[in-house]
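The values are calculated or read from the model by the stated rules, or taken from the named source; none is laboratory data. Note that this is a predicted model, so its numbers are computed, not measured. Virtual Cβ from ideal backbone geometry, glycine too; neighbours counted across all protein chains shown. For accessibility, only protein heavy atoms count, side chains too; no ligands or nucleic acids. Shrake-Rupley method; radii C 1.70, N 1.55, O 1.52, S 1.80 Å.
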Amino acid sequence: MFTKAAVLTALTAAAFAVAAPAQAETAATTVLPGANMEAVLKAAQIDPRRADDTLTPGAHDSVLLVEQALQAKGLLASQYVDGYFGTSTIEAYSKYQKSLGYTGLDASGLPGKTSLEKLGEGRYTVTNPVSAGSQVTYHGKTLNTRTKAMLVAAEGKAGFQVTLTQGSYNPGGVDASAGTHDGGGAMDISVSGMSSTNRNNLLKALRNVGFAAWYRTPAQGFDYHIHAMAVSDPDLSSGAQHQTGDYYLGMNGLAGRGADDGPQVAKVTWEEYQRG
């Protein structure tokens with residue numbers, strides 16, 4: 001014969017057995033979608049430079065999550081919530097960054113990990129985060145840790161070390177640079193005494209690890225040098241963002257937006273190169 005206590009214990013256990021799956025099901029439905037930061041960064045560089053509304057491959061869903069969050073904050077009109085990170089989305093994201101108290105380089109409209117996470121609270125999580133890292137000195141010039149690692153890898157592929165004539169985070173440094181060195185990811189490399197073979201091998205190595213890199217000449221208005229920008233560096237200046245976007249679109253990174261005159265390689269970011 002069952003006691004009253006035994007009956008109550010059995011009923012309680014049965015209730016928990018029924019409730020557990022329901023609780024698990026509820027928890028599963030609250031999992032937030034992921035916004036891929038690598039994809040968002042790539043689109044934010046390329047899309048504003050397009051002559052049409054072609055979408056950056058693999059970026060639509062993540063960009064859409066960001067745009068929906070910007071729209072919810074009243075920063076982006078509904079007609080621009082389309083998975084295309086064009087100039088309107090850049091402007092809206094810049095306004096959001098400024099609302100967080102960011103200024104200058106940190107409010108350029110290019111998403112950084114912290115602002116992207118804050119924007120997505122309760123809406124999405126950030127996957128594949130990209131970090132510029134801290135500022136360091138390499139070959140006597142300022143770079144960030146991501147750019148330094150990229151250059152070290154390129155030097156290894158080329159088989160020799162380089163001489164830097166200009167690094168990153170150099171606002172107002174060289175007039176001809178048009179602000180591209182104001183932020184991160186930027187560097188100029190001396191070609192003095194470098195053979196054309198070594199120069200071409202270096203350009204190819206730089207591009208292979210994720211730089212947009214070109215050989216600059218007096219005919220273009222520069223002293224001879226190699227100009228390189230780290231694609232998808234979160235600290236890129238606005239001018240640098242334009243150059244990396246143009247690189248993906250087959251251009252030379254100059255104001256005239258001529259055809260790319262560098263070695264043709266598969267265009268990758270540093271993160272993609274590391275994954276092989």
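Across all Cα atoms of the chain, the radius of gyration (one decimal) and Dmax (whole number) stand at 24.2, 102 Å. Annotation: for a label point projected 7 angstrom from Cα along Cα→Cβ of Ala72, residues of the range 41-64 with backbone N closer than 17 Å are 61-64. Residues of the range 103-128 falling in the label zone of Glu91, defined by backbone nitrogen less than 16 Å from a point 7 Å along Cα to beta-carbon, are 108-110. Expressed as a fraction of 2.2 N^0.38 Å, the rule-of-thumb size for a compact globular protein of N residues, what is the C-alpha radius of gyration of the range 71-139? Computed over Cα atoms of the range 71-139, the ratio equals 1.24.
Cross-link partners for Lys157 among the aspartates and glutamates, with Cα-Cα distance under 20 Å and sequence neighbours closer than 8 places in the same chain left out: Asp188, Glu271, Glu272. Placing unit charges on the Cβ atoms only, positive for Lys and Arg and negative for Asp and Glu, gives the chain a dipole magnitude near 480 debye about its Cα centre. Relative to its residue count, the range 208-249 spans a Cα convex hull of 84 Å³ per residue.
Think of the chain as a dipole: +1 on every Lys or Arg Cβ, -1 on every Asp or Glu Cβ, centred on the Cα centre; then among Thr142, Ile46, Gly58, Thr142 lies furthest on the positive end. When each of the peptides 50-62, 195-207 is scored by how many other beta carbons lie within 10 Å of its residues on average, the order from highest to lowest is 195-207, 50-62. Rolling a 1.4 Å probe over the protein chains gives His227 an accessible area of about 10 Å².
As a calculated quantity, the FRET efficiency between Ala219 and Lys118 at R0 = 51 Å, using C-beta atoms, amounts to about 0.65. Positive end of the dipole of the range 194-276 (Cβ unit charges, origin at the Cα centre): among Gln243, Met229, Tyr215, the Cα lying farthest that way belongs to Tyr215.
In this view, the solvent-accessible surface of Lys42, computed with a 1.4 Å probe and all protein chains in place, comes to about 40 Å². Between Lys157 and Ser192, residue separation times 0.36 nm minus the direct Cα-Cα distance comes to 10.6 nm. Applying 1/(1 + (r/R0)^6) with r as the Cβ-Cβ distance of Asn200 and Thr54 and R0 = 30 angstrom yields a FRET efficiency of 0.50.
Of the DSSP H helices in the chain, those with a Cα length along their own long axis of 30 Å or more and a mean Kyte-Doolittle hydropathy reaching 0.5 comprise 4-29.
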